[in-house]
Every structure is written in C-alpha cells, then in structure tokens.
Amino acid sequence: MDLATLWRELGVEPMFPELYDLATTCPDVFDCYRKLVALWDDERSRDIIFKAAWTGADIAKVVDLLWRGQYKEAEEAARP
C-alpha cells in the first residue's frame, strides 16, 4: 500500500489543500508537497509558484529549481 492510499484510508488531510492540489501534478506528490510547504514562507518563491500555477507551467520543475535556489531559472520555467 502506498503512502497516499494509507493517508486516504486513515482520513488524513493535508494542512494546505491548495498546495497539495499543486503537488498532485508532480511525479512524487509527497516530496513535491513537502517542498512547496517549505518554499511557501518565502515571498519570492511564493510569487514564482503562483505564476507557474497560473500559466500552467511544470510545477515539479519550478519547485525543484526553487528548492536548489535557482530563482532566475525558476522564473523562466514559470513563463508560458
């Protein structure tokens, strides 16, 4: 049984449902969600994540770049 199934069976819900929804577009949902939660406190990262979500960019790529501190590359990846 994978972690997502276990969470559903136990009735566990994410603290940040909007970030979890974004994370569901990533190949590794829970790792992406964990990174999104951590990045959310940084205003610059939050703005880039908003832009990526709005333009339909690859969230996994943007989150990975932000996680590595590559803000310029993340901003470029968030463009349509």
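Computed extension gain for residue 55 through residue 79, at 0.36 nm per residue and net of the alpha carbon distance, reaches 8.0 nm.
Each Lys and Arg Cβ is given +1 and each Asp and Glu Cβ -1; about its Cα centre, the chain then shows a dipole of about 200 debye.
If you take every residue apart from residue 80 with its C-beta less than 13 Å away from the C-beta of residue 80, what net charge results, scoring Lys and Arg +1 and Asp and Glu -1? Counting the neighbours of residue 80, the net charge comes to -1. Relative contact order (percent) for segment 1-76, with alpha-carbon contacts under 8 angstrom and 6 or more residues of separation? That works out to 23 percent. Per residue, the chain exposes 67 Å² of solvent-accessible protein surface, assessed with a 1.4 angstrom probe and all protein chains in place. Local charge for residue 4 was computed over the other residues whose Cβ lies under 13 Å away, with Lys and Arg +1 and Asp and Glu -1, and equals -4. Each of residue 28 and residue 71 was given a label point 7 Å from its Cα along the Cα-to-Cβ line. The distance between the two points is 2.5 nm. Counting only protein chain heavy atoms and rolling a 1.4 Å probe, the accessible areas of 44, 8 rank, largest first, as 8, 44. Using θ = phi - 60° in the Karplus curve 6.51 cos²θ - 1.76 cosθ + 1.60, the 3J(HN,Hα) couplings for segment 28-39 round to 10, 4, 6, 5, 5, 4, 4, 5, 4, 4, 5, 6 Hz; x is entered for Gly and Pro. Rounded to whole numbers, the Karplus 3J(HN,Hα) couplings from phi for segment 58-73 are 6, 4, 4, 5, 4, 4, 4, 5, 5, 4, 8, x, 9, 5, 4, 5 Hz, using 6.51 cos²θ - 1.76 cosθ + 1.60 with θ = phi - 60°, and x at Gly and Pro.
For residue 23, the shell of other residues with beta-carbons less than 11 Å away shows a net charge of -2, using +1 for Lys and Arg and -1 for Asp and Glu.
The values are calculated or read from the model by the stated rules, or taken from the named source; none is laboratory data. Only a predicted model underlies this, so the values are computations on that prediction, with no experimental measurement involved. Because the Cβ atoms are built from the backbone with ideal geometry, glycine has one as well, and the counts that use them run over all protein chains shown. All accessible areas refer to the heavy atoms of the entire protein, side chains included, with ligands and DNA or RNA removed. Shrake-Rupley method; radii C 1.70, N 1.55, O 1.52, S 1.80 Å.
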